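**Student:** Okay, handing you the structure first.
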Amino acid sequence: MFKTDKRKYLLNFLEEHPNLNSEEKKIISDTVNKMNEPNSLWYKEVKTITNALQKLSMYDKLSDDGKILLKQLNRSDWFYGLYDNIRFFG
């Protein structure tokens with residue numbers, strides 16, 4: 001369920017934000033292709049794309065649309081991290 005949601009989200013983001021630079025488009029396309037593989041873990045792929053975008057940001061090569069995507073991915077990473085660890089709170 002989450003894998004297809006994230007894949008659709010990334011594809012929609014790619015279509016709706018034409019101001020992404022070529023590196024960002026390549027990173028998103030590679031991640032979507034990896035998510036299409038049957039044995040891929042969506043959480044690992046989201047973490048990989050987040051790290052790649054953070055690396056671009058560190059070298060000041062991240063566009064404004066890329067910053068929007070990075071912000072959204074960091075928010076979802078925080079939520080799913082909490083969701084995965086909720087069993088330890090109760």
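A short reminder: the numbers here are calculations on the coordinates, not readings from a lab. As the structure is a computational prediction, the values presented were derived from the model and not from experiment. Heads up, the Cβs are rebuilt from the backbone with ideal geometry, glycines too, and the neighbour counts pull from every protein chain shown.
**Student:** Select from segment 1-40 the residues that are farther than 17 Å from Ile68 by Cβ and either among the β-branched types (Val, Ile, Thr) or touching a helix residue (DSSP H, G or I) at 6+ places or on another chain (Cβ under 8 Å) (or both) and list them in ascending order.
**Tutor:** Phe2, Lys3, Thr4, Arg7, Ser29, Val32, Lys34, Met35, Asn36, Ser40
**Student:** Please enumerate the residues belonging to segment 30-59 that are in contact (Cβ under 8 Å) with a residue 12 or more places away in the chain, under 17 Å from Gln72 (Cα atoms) and of a type outside the set (A, V, I, L, M, F, W, C).
**Tutor:** Hits for segment 30-59 are Thr31, Tyr43, Glu45, Lys47, Thr48, Thr50, Gln54, Ser57.
**Student:** Further question on the same structure: Any residue at all in segment 61-70 that is surrounded by 13 or more Cβ atoms within 10 Å (Cβ to Cβ) and under 9 Å from the mean Cα position of the chain (by Cα)?
**Tutor:** Yes; the residues of segment 61-70 include at least one that is surrounded by 13 or more Cβ atoms within 10 Å (Cβ to Cβ) and under 9 Å from the mean Cα position of the chain (by Cα).
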